[in-house]
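The values are calculated or read from the model by the stated rules, or taken from the named source; none is laboratory data. Model, not experiment: these values are computed from the prediction. Cβ sites come from the backbone with ideal geometry, for glycine too, and all protein chains shown count toward neighbours. Accessible surface areas use protein heavy atoms only, side chains included; no ligands, DNA or RNA. Shrake-Rupley method; radii C 1.70, N 1.55, O 1.52, S 1.80 Å.
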Amino acid sequence: MHAHNGLDLTPLSGQFSGSLIPPEHPEYNAVRQLWNAMADKRPALIARCQSEADIQAALAFAQQHSLEIALRGAGHNIAGNASCNDGLLIDLSLMNEVTVDPATQLVQAGPGATLGQIDAACQAHELAVPVGINSTTGIAGLTLGGGFGWLTRRFGMTVDALRAARVVTVDGDVVEASADSHPDLFWALRGGGGNFGVVSRFDFQAYPVGPEVFAGLVVFPFAQAQAVLEQYRNWILTTPETFNAWVVIRHAPPLPFLDPAVHGTKVVVLAVCHSGELAEGEALADTLRGFGEPLGAHLGAMPYAEWQQAFDPLLTEGARNYWKTHNFTELSAPLVETALDYAEGLPGPECEVFFAVIAGAANRVASDATAWSARDARFVMNVHARWQEAAEDERFIQWSRALFRATAPYASAGAYVNFMTEEEGGRVEDAYQQNYARLKLVKQQWDPNNQLHLNQNISPD
């Protein structure tokens, strides 16, 4: 079995249980696609691993042939680091098994598992791990970068729920990283990205949630944005941590509960999720509805797993995406005003600016307890430019950067590496703040030659 670039795959195929996909393979084009269409890469070989032994064999093969290594869980990585040109793509998406132990409430997930698979397995036992808000996202990238979503106020970041990880090192060893075993590596994995090894299994603490939450959307016209957000910005921090409401500024999608005349107009959406008593969620949502005169609302009890998929239609793969992100300790009036000024000029129907609320449990963890360090952040802004045509790249990217620059004076320290694009190398150090020096030491120990550098890279040098 020869790849066209002269790679002899025979020795690898003899010890590989998954599938090896060189460029001439009929599935190559389908398998190499990433979620963000801007990342169009052509690896020399895609190794679709089924086991830890496959990961070991693939790493050894890459080293033997001096191939650049890319790691892919579910391929959602915004910066396009989940692939490479002319190197070896270690594709973990088939290793997606999830097991839940209802007695200990521990969840074990393979690196290819999606959030939807984890939600489904956990909800069978009325449990949940605090993960992100798009069910097709992979658990590996989400966790290694920090991870937050609707339950973060109550239960913390995804990394705060991580109890252990099995890691295949660049040398081919398999180690268990936890508070008791290789604690430095465990510390670094909780936010330090794919810099230190290939995680072959994640062990999480799950928490009782559901089966129903009180959730939904309240949609206000953009003309009321200033007034609505003025009331929202301090009120949200007074609500119980079981309650969450995020701000989304965008053009109204064709939601069935909105008058068709509203579709495509600029709106401010408050997205609500309350995991406590349903009646309490309803009362809080009623307060929020009173912040203006909504164009429409769709609120009620719904299965948690269903709410976790509510935003999937807006986040389908194959579009062009460019994101910028800041953390904030507060939503100050000037910040809101600046964000709205730029949102006035949303460049396209799929673009949005959102403010996620993470105030709560995550703030009670010390900033040096995990590699993810922004423990004073109560809000995370994502400027999400999304469009279809390559010819439009410049316009959408410029808008995102301008909004990002204008809101920078109000931002707090740190940054969410999962929302960073590839040209932001200088921000990696900023993102980790005082934890960067320690991350470098862990990198020097576990990957001294920086073989795993297709990530928000922590250089060992």
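The label-point distance for Arg395 and Gln451, in a model that sets each label 7 Å from Cα toward Cβ, rounds to 4.6 nm. The HN-Hα couplings worked out from phi for the range 8-14 by the Karplus form 6.51 cos²θ - 1.76 cosθ + 1.60 (θ = phi - 60°) are 8, 8, 4, x, 6, 5, x Hz, whole numbers, x standing for Gly and Pro.
Computed from phi, the 3J(HN,Hα) profile of the range 144-159 under the Karplus parametrisation 6.51, -1.76, 1.60 (θ = phi - 60°) reads 5, x, x, x, 8, x, 4, 9, 5, 4, 8, 10, x, 6, 4, 4 Hz, with x in place of Gly and Pro. Within the chain, the proportion of Cα pairs with more than 28 Å between them is 50 percent. In this structure, the amide hydrogen of Ala128, modeled 1.01 Å from its nitrogen in the peptide plane, lies closer than 5 angstrom to those of Tyr207, Val209, counting only residues at least 5 positions away or on a different chain.
Placing unit charges on the Cβ atoms only, positive for Lys and Arg and negative for Asp and Glu, gives the range 1-65 a dipole magnitude near 160 debye about its Cα centre.
For the range 9-47 versus the range 319-382, the spacing of their alpha-carbon centroids is 35 Å. Report relative contact order for the range 130-270 in percent, whole number only (criteria: Cα-Cα under 8 Å, sequence separation at least 6). The value is 20 percent.
Rounded to the nearest 10 square angstrom, Asp286 shows an accessible area of 90 square angstrom against a 1.4 Å probe. Within the shell defined by Cβ-Cβ distances under 13 Å, the residues around Leu284 carry a net charge of -3, with Lys and Arg each +1 and Asp and Glu each -1. Ligands, DNA and RNA left out, the accessible area of the chain computed with a 1.4 Å probe is 50% carbon and sulfur. Converting phi to 3J(HN,Hα) with the Karplus coefficients 6.51, -1.76 and 1.60 and the offset θ = phi - 60°, the range 305-322 yields 4, 6, 4, 5, 9, 4, 9, 4, x, 8, 10, 5, 6, x, 8, 8, 10, 9 Hz in sequence order, with x at every glycine or proline. Its Cα gyration tensor gives the range 227-381 an equivalent ellipsoid; the semi-axes, largest first and in whole Å, are 24, 21, 17. Mean separation of Cα pairs under 8 Å and 6 or more residues apart, divided by the residue count, gives the range 29-115 a relative contact order of 31 percent.
Most tightly packed first, judged by the mean number of other beta-carbon atoms within 10 Å of their residues, the peptides 83-96, 139-152, 444-457 read 139-152, 83-96, 444-457.
Note that the chain presents 36 Å² accessible area per residue, ligands and nucleic acids not counted, probe 1.4 Å. Put a plus charge on the Cβ of each Lys and Arg, a minus charge on the Cβ of each Asp and Glu, and nothing anywhere else: the dipole of the chain about its Cα centre is then about 500 debye. Dividing the summed helix terms, -39500 (n - 2.57) for each DSSP H run of n ≥ 4, by the number of residues in the chain produces a 222 nm estimate of -7000 deg cm²/dmol to the nearest 500.
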